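Student: Let me begin by handing over the structure; questions about it come next.
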Amino acid sequence: DIQLTQSPSFLSASVGDRVTITCRASQGISNYLAWYQQKPGKAPKLLIYAASTLHNGVPSRFSGSGSGTEFTLTISSLQPEDFSTYYCQHLNIYPLTFGGGTKVEIK
Amino acid sequence: EVQLVQSGPEVKKPGESLKISCKGSGYSFISYYIGWVRQMPGKGLEWMGIIYPSDSNTRYSPSFQGQVTISADKSINTAYLQWSSLKASDSAMYYCARRFRAASARDAFDIWGQGTMLTVSS
């Protein structure tokens, strides 16, 4: 199975900060990677797929990059509504595992 | 509107059986995979398995193989997740989600159900 390791698992940041989250795959997954945002008590929402393609309606301050085994999610200027937990997921081969999550909290 | 609507919260006793549902609407149900995801209290997302409603082809995570059964009834646009004998450790939120797939790695779970909370307690 392919393992996804997210880092950091927790980060504290201020409104307006640039934030970067990393997701590392245990083996190459080309660009079969998606990012999701989850707020407490809510279902996850798709942000990015194919490592760097923004899903419909997602603000342009979100961006994704990477290929192979290393990927990043960047929020260029953190907004109050962005304080959430973020997950990566690979869709290369079964099982389609998720990373452990990164919780972004207000400093 | 494209949506997945899940059945309501459940409270069950250990050893009981259960089947929860996920009904799709607003799109061609048989054309998209439906996956199931577990989230235990305060924990991350765990991918459980997936079904293609058109032919009921199913794949499971090794962690959940033999522990749950995923099925679908395409005549009523509904996918199911079932347990034959619940354990306290099955207490969690369960989400269904639609997988879209296209060329060039355009692949993800784009529509999610609202979740079904399961509590298993004696």
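Here, each number is a calculation from the coordinates, and none is a lab measurement. Every value quoted in this text rests on a predicted model; they were computed, and no experiment measured them. Here the Cβ is made from the backbone with ideal geometry for all residues, glycine too, and neighbour counts use every protein chain on show.
Student: So which residues in segment A:54-107 are facing chain B (nearest Cβ under 10 Å), touching an Asp or Glu at 6+ places or on another chain (Cβ under 8 Å) and over 19 Å from B:G42 (Cα atoms)?
Tutor: Correct list: A:H55, A:L91, A:P95.
Student: Residue under question is A:T5, and the condition is that it be within 14 Å of chain B (Cβ to nearest Cβ), within 29 Å of B:M117 (Cα to Cα) and touching a Gly at 6+ places or on another chain (Cβ under 8 Å); does it hold? If you could, list the steps in order and put the result at the bottom.
Tutor: Values: within 14 Å of chain B (Cβ to nearest Cβ): yes; within 29 Å of B:M117 (Cα to Cα): yes; touching a Gly at 6+ places or on another chain (Cβ under 8 Å): yes.
Judged against the criteria, A:T5 is a match.
Student: Just to be sure before I move on: is B:I50 in a strand (DSSP E or B), within 12 Å of another protein chain (Cβ to nearest Cβ) and in contact (Cβ under 8 Å) with a residue 24 or more places away in the chain in the structure I sent? Don't jump to the end; show me each part of the working.
Tutor: Working: in a strand (DSSP E or B): yes; within 12 Å of another protein chain (Cβ to nearest Cβ): yes; in contact (Cβ under 8 Å) with a residue 24 or more places away in the chain: yes.
Yes.
Student: May I ask you to list the residues in segment B:27-40 that are out of contact with any strand residue (DSSP E or B) (no Cβ under 7 Å at 6 or more places or on another chain) and without any contact (Cβ under 8 Å) to a residue 60 or more places away in the chain? Steps first, please.
Tutor: As a first pass, look at segment B:27-40 and keep what is out of contact with any strand residue (DSSP E or B) (no Cβ under 7 Å at 6 or more places or on another chain): B:27-31.
Result: B:S28, B:F29, B:I30, B:S31.
Student: Which of the residues spanning segment A:24-70 are in a loop (DSSP other than H, G, I, E, B), without any contact (Cβ under 8 Å) to a residue 60 or more places away in the chain and surrounded by 19 or more Cβ atoms within 10 Å (Cβ to Cβ)?
Tutor: Within segment A:24-70, A:N31, A:A43, A:P44, A:A50, A:A51 meet the criteria.
Student: How many residues are within 15 Å of the chain's Cα centre (by Cα) and surrounded by fewer than 18 Cβ atoms within 10 Å (Cβ to Cβ) if we restrict to segment A:4-23? Steps first, answer last, please.
Tutor: Here is the first cut: in segment A:4-23, the residues within 15 Å of the chain's Cα centre (by Cα) are A:4-11, A:18-23.
Within this subset, residues satisfying the condition of being surrounded by fewer than 18 Cβ atoms within 10 Å (Cβ to Cβ) are A:5, A:7-11, A:18, A:20, A:22.
Counting residues in segment A:4-23 that are within 15 Å of the chain's Cα centre (by Cα) and surrounded by fewer than 18 Cβ atoms within 10 Å (Cβ to Cβ) gives 9.
Student: Residue by residue through segment A:31-53, note down the ones that are within 14 Å of B:F100 (Cβ to Cβ) and of a type in the set (G, A, S).
Tutor: Answer for segment A:31-53, where residues must be within 14 Å of B:F100 (Cβ to Cβ) and of a type in the set (G, A, S): A:A34, A:A50.
Student: Quick one: in segment A:94-107, of everything that is closer than 18 Å to A:G66 by Cα and β-branched (V, I, T), which residue is nearest to the chain's Cα centre (by Cα)?
Tutor: Looking at the filtered set, the residue picked out is A:T102.
Student: Then there's this: Looking at (1) part of a strand (DSSP E or B); (2) charged (D, E, K, R); (3) surrounded by fewer than 13 Cβ atoms within 10 Å (Cβ to Cβ), which one does B:R38 not meet, given that it meets all the others?
Tutor: (3) is the only condition that B:R38 fails.
Student: Out of curiosity, is A:I93 closer than 25 Å to B:G113 by Cα and among the aliphatic types (A, V, I, L, M)? Even if it seems obvious, please write down each step before you answer.
Tutor: Working: closer than 25 Å to B:G113 by Cα: yes; among the aliphatic types (A, V, I, L, M): yes.
Criteria met by A:I93.
Student: With respect to B:A92, determine if the residue is away from every other protein chain (no Cβ under 11 Å), within 17 Å of A:F98 (Cα to Cα), touching a residue at least 12 places away in the same chain (Cβ under 8 Å) and surrounded by 16 or more Cβ atoms within 10 Å (Cβ to Cβ).
Tutor: Details: away from every other protein chain (no Cβ under 11 Å): yes; within 17 Å of A:F98 (Cα to Cα): yes; touching a residue at least 12 places away in the same chain (Cβ under 8 Å): yes; surrounded by 16 or more Cβ atoms within 10 Å (Cβ to Cβ): yes.
Yes, satisfied.
Student: Restricting the search to segment A:1-42, which residues are farther than 21 Å from A:E81 by Cβ and of a type in the set (A, V, I, L, M)?
Tutor: Result: A:I2, A:L4, A:A25, A:I29, A:L33.
Student: Test of understanding: among B:V5, B:V11, which residue is touching a strand residue (DSSP E or B) at 6+ places or on another chain (Cβ under 6 Å), aliphatic (A, V, I, L, M) and surrounded by 13 or more Cβ atoms within 10 Å (Cβ to Cβ)? Steps first, please.
Tutor: Values: B:V11 fails: surrounded by 13 or more Cβ atoms within 10 Å (Cβ to Cβ).
Going through B:V5, B:V11 in turn, just one is touching a strand residue (DSSP E or B) at 6+ places or on another chain (Cβ under 6 Å), aliphatic (A, V, I, L, M) and surrounded by 13 or more Cβ atoms within 10 Å (Cβ to Cβ): B:V5.
Student: With respect to B:A103, is the statement that it is within 14 Å of chain A (Cβ to nearest Cβ), hydrophobic (A, V, I, L, M, F, W, C) and loosely packed, with under 14 Cβ neighbours inside 10 Å true? Outline the logic, then answer.
Tutor: Details: within 14 Å of chain A (Cβ to nearest Cβ): yes; hydrophobic (A, V, I, L, M, F, W, C): yes; loosely packed, with under 14 Cβ neighbours inside 10 Å: yes.
Yes; evaluated as a whole, the condition is true for this residue.
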